[in-house]
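Colleague: One structure, pasted below without further comment.
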Amino acid sequence: MKKIAFYDAKPYDKIWFDQLAAGRYDIRYLESKCNPDTAQLARGCEAVCAFVNDDLSKETIDRLYDAGVRVLAMRSAGYSNVDFKAAYGKINVVRVPAYSPYAVAEHAMALLLTLNRKVHKAYNRTRDFNFSLNGLIGTDLHGKTAGIIGTGKIGRVFINICRGFGMRILAFDPYPAKDADFEYVDLNTLLRESDVISLHCPLTDQTHHILDVNAFRQMKKEAFIINTSRGALIDSAALLAALNLKRIGGAGLDVYEEEADFFFEDYSGEIIRDDVLSLLTSRPNVIITSHQAFLTEEALHNIADVTLKNLDAYFAGEDLENEICYHCDSGKVAGGCRKNRKERCFQPPSADRMLTDSARN
């Protein structure tokens, strides 16, 4: 059986990977995150399974390649932590493009409802038998405007949920859906008119800090910010300043731009040396969850299933439907995108029309 080095393994990861990989792969579960120092732990493995908070920089990629790894299977939709230029020609990179848009969109609405109706405060009070209603006033979502930034699968599921509450929808996306039955507007209009702004876009050079000082200045003073996508979509320092100046109503965050140092781990007995995160957590109108929006039974099953099918296709020499490549879209590949020629994006240039060694063996 092929061996997989599975980094940053958690108990909930093993539930479905153990069941679906039985008899197919030998998984070496590692509690450590993947980084230059831990890359050598993958020696003897043909594949690495990684997550969004692993350090997949050039140094890590080079060390994984030297250790014999030829395929990197991201068990996530996001891949902004992968240095693709370093991987090109060495290691194929595959991902799970969609595992459950419902899981993430439903968590976004859970954050909004909790933030708006102060459910977290009420829960803490009633555990002390404090049944006072003071300070628990919310607003009707019905009739309010939801601004959705990013209208992919998750964004559109969230739009449907908001519609169920009777909300008006405004959307911004540089690549509007052709079959959209909702209104697209420019970003500034969305920021000015929305009562709720929810982020559902990938992290790119263009979307990095899409919500910055200038964006917060344009928002309604009662606006709620919801982010279940990527932490660096928001300038955290600017968000904290906007909250302190009461320029916005509050924020529900499942992600944080410096989360790699903290999320998915227990630091309850330690001093957190991140002043912005500490101050955000202390604000009464901020709710932070630990990147758990994806965490449903259905999503965990789908993540394991698609990840293993990606590896099956790689080792069988088949087309890699979920391969990621920065190179093909750049127009630099002679003859056009390799996928259009039924070839793999990351094949070494000298083997353009051949299967990789691992695929042939």
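The values are calculated or read from the model by the stated rules, or taken from the named source; none is laboratory data. Quick caveat, the model's predicted, so the values are computed rather than measured. Quick reminder, even Gly has a Cβ in these numbers, built from the backbone with ideal geometry, and neighbours come from all protein chains shown. Protein only, heavy atoms only, side chains kept; ligands, DNA and RNA dropped before computing areas. Shrake-Rupley method; radii C 1.70, N 1.55, O 1.52, S 1.80 Å.
Colleague: Scan the stretch 256-268 and tell me whether some residue there is farther than 21 Å from residue 208 by Cβ and surrounded by 18 or more Cβ atoms within 10 Å (Cβ to Cβ). Spell out the reasoning first.
Modeller: Residues of the stretch 256-268 farther than 21 Å from residue 208 by Cβ: 264-268.
Next cut, surrounded by 18 or more Cβ atoms within 10 Å (Cβ to Cβ) only: none.
For the stretch 256-268, residues farther than 21 Å from residue 208 by Cβ and surrounded by 18 or more Cβ atoms within 10 Å (Cβ to Cβ): absent.
Colleague: Which of the residues spanning the stretch 310-340 are among the hydroxyl-bearing types (Ser, Thr, Tyr) and at pLDDT 50 or above?
Modeller: Of everything in the stretch 310-340, those that are among the hydroxyl-bearing types (Ser, Thr, Tyr) and at pLDDT 50 or above turn out to be 314, 326.
Colleague: A further question on this structure: Any residue in the stretch 344-356 that is at pLDDT 60 or above, of a type in the set (Lys, Arg), closer than 27 Å to residue 85 by Cβ and in a loop (DSSP other than H, G, I, E, B)?
Modeller: Yes, some residue in the stretch 344-356 is at pLDDT 60 or above, of a type in the set (Lys, Arg), closer than 27 Å to residue 85 by Cβ and in a loop (DSSP other than H, G, I, E, B).
Colleague: With the structure loaded, tell me whether residue 104 is closer than 30 Å to residue 137 by Cα and free of Cβ contacts under 8 Å to residues at least 12 places away in the same chain or whether it fails that test.
Modeller: Numbers: closer than 30 Å to residue 137 by Cα: yes; free of Cβ contacts under 8 Å to residues at least 12 places away in the same chain: no.
No.
Okay, residues lined up against (1) open to solvent by less than 30 Å² (accessible area, probe 1.4 Å); (2) in contact with a helix residue (DSSP H, G or I) (Cβ under 6 Å, 6 or more places away or on another chain); (3) on the phi > 0 side of the Ramachandran plot; (4) touching a residue at least 24 places away in the same chain (Cβ under 8 Å):
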{"position": "16", "(1), (2), (3), (4)": "no, yes, no, yes"}
{"position": "26", "(1), (2), (3), (4)": "no, no, no, yes"}
{"position": "32", "(1), (2), (3), (4)": "no, no, no, yes"}
{"position": "57", "(1), (2), (3), (4)": "no, no, no, yes"}
{"position": "84", "(1), (2), (3), (4)": "yes, no, no, yes"}
{"position": "88", "(1), (2), (3), (4)": "no, no, no, yes"}
{"position": "96", "(1), (2), (3), (4)": "yes, yes, no, yes"}
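Colleague: Which strands (runs of 3 or more DSSP E) sit wholly inside the stretch 184-279 and have at least 1 residues that are at positive phi?
Modeller: Those strands (runs of 3 or more DSSP E) span 250-253.
Colleague: Please tell me if residue 214 is closer than 20 Å to residue 98 by Cα, without any contact (Cβ under 8 Å) to a residue 40 or more places away in the chain and either of a type outside the set (Lys, Arg) or open to solvent by less than 90 Å² (accessible area, probe 1.4 Å) (or both). Even if it seems obvious, please write down each step before you answer.
Modeller: Numbers: closer than 20 Å to residue 98 by Cα: no; without any contact (Cβ under 8 Å) to a residue 40 or more places away in the chain: yes; either of a type outside the set (Lys, Arg) or open to solvent by less than 90 Å² (accessible area, probe 1.4 Å) (or both): yes.
When the stated conditions are applied, residue 214 does not pass them.
Colleague: When only residues in the stretch 179-206 that are of a type in the set (Ser, Thr, Tyr) and closer than 20 Å to residue 98 by Cα count, which is farthest from the chain's Cα centre (by Cα)? Full working, then the answer.
Modeller: Just the residues of the stretch 179-206 that are of a type in the set (Ser, Thr, Tyr), to begin with: 184, 189, 194, 198, 204.
Checking which are closer than 20 Å to residue 98 by Cα leaves us with 198, 204.
On the way: 198: 14, 204: 12 Å.
Applying the filter and picking the extreme gives 198.
Colleague: So, in the stretch 42-55, of the ones that are open to solvent by 30 Å² or more (accessible area, probe 1.4 Å) and not small (Gly, Ala, Ser), which residue ends up farthest from the chain's Cα centre (by Cα)?
Modeller: Top of the filtered list is 43.
Colleague: Okay, next question. Given the criterion at pLDDT below 95 and either farther than 29 Å from residue 296 by Cα or open to solvent by 20 Å² or more (accessible area, probe 1.4 Å) (or both), identify the matching residue among 67, 39, 77.
Modeller: 77
Colleague: What residue, of 281, 289, is modelled with pLDDT of 95 or more, open to solvent by 10 Å² or more (accessible area, probe 1.4 Å) and more than 25 Å from residue 150 (Cβ to Cβ)?
Modeller: 281
Colleague: Of the residues 302, 285, only one is of a type in the set (S, T, N, Q) and within 23 Å of residue 103 (Cα to Cα); which?
Modeller: Exactly one residue qualifies, and that residue is 302.
Colleague: Does residue 235 meet the test of being within 20 Å of residue 174 (Cβ to Cβ) and open to solvent by 50 Å² or more (accessible area, probe 1.4 Å)?
Modeller: Details: within 20 Å of residue 174 (Cβ to Cβ): yes; open to solvent by 50 Å² or more (accessible area, probe 1.4 Å): no.
Against the criterion (within 20 Å of residue 174 (Cβ to Cβ) and open to solvent by 50 Å² or more (accessible area, probe 1.4 Å)), residue 235 does not qualify.
Colleague: Please work out which residue is farthest from residue 147 (Cα to Cα), limiting yourself to the stretch 169-184 and to residues that are of a type outside the set (Asp, Glu) and surrounded by 17 or more Cβ atoms within 10 Å (Cβ to Cβ).
Modeller: 182
Colleague: Pick from the stretch 105-161 the residues that are more than 27 Å from the chain's Cα centre (by Cα) and of a type in the set (A, V, I, L, M): which of them is surrounded by the most Cβ atoms within 10 Å (Cβ to Cβ)?
Modeller: Ranking the candidates gives 122 first.
Colleague: Could you list, in sequence order, the residues of the stretch 155-176 that are within 14 Å of residue 195 (Cβ to Cβ) and either modelled with pLDDT under 95 or among the charged types (D, E, K, R) (or both)? Lay out the reasoning, then the answer.
Modeller: Pass one, the stretch 155-176, residues within 14 Å of residue 195 (Cβ to Cβ): 162, 165-170.
Once the filter is applied, which keeps residues that are within 14 Å of residue 195 (Cβ to Cβ) and either modelled with pLDDT under 95 or among the charged types (D, E, K, R) (or both), the stretch 155-176 yields only 168.
Colleague: Could you please find all residues in the stretch 163-183 being in contact with a strand residue (DSSP E or B) (Cβ under 9 Å, 6 or more places away or on another chain), under 17 Å from residue 224 (Cβ atoms) and in a loop (DSSP other than H, G, I, E, B)?
Modeller: 165, 167
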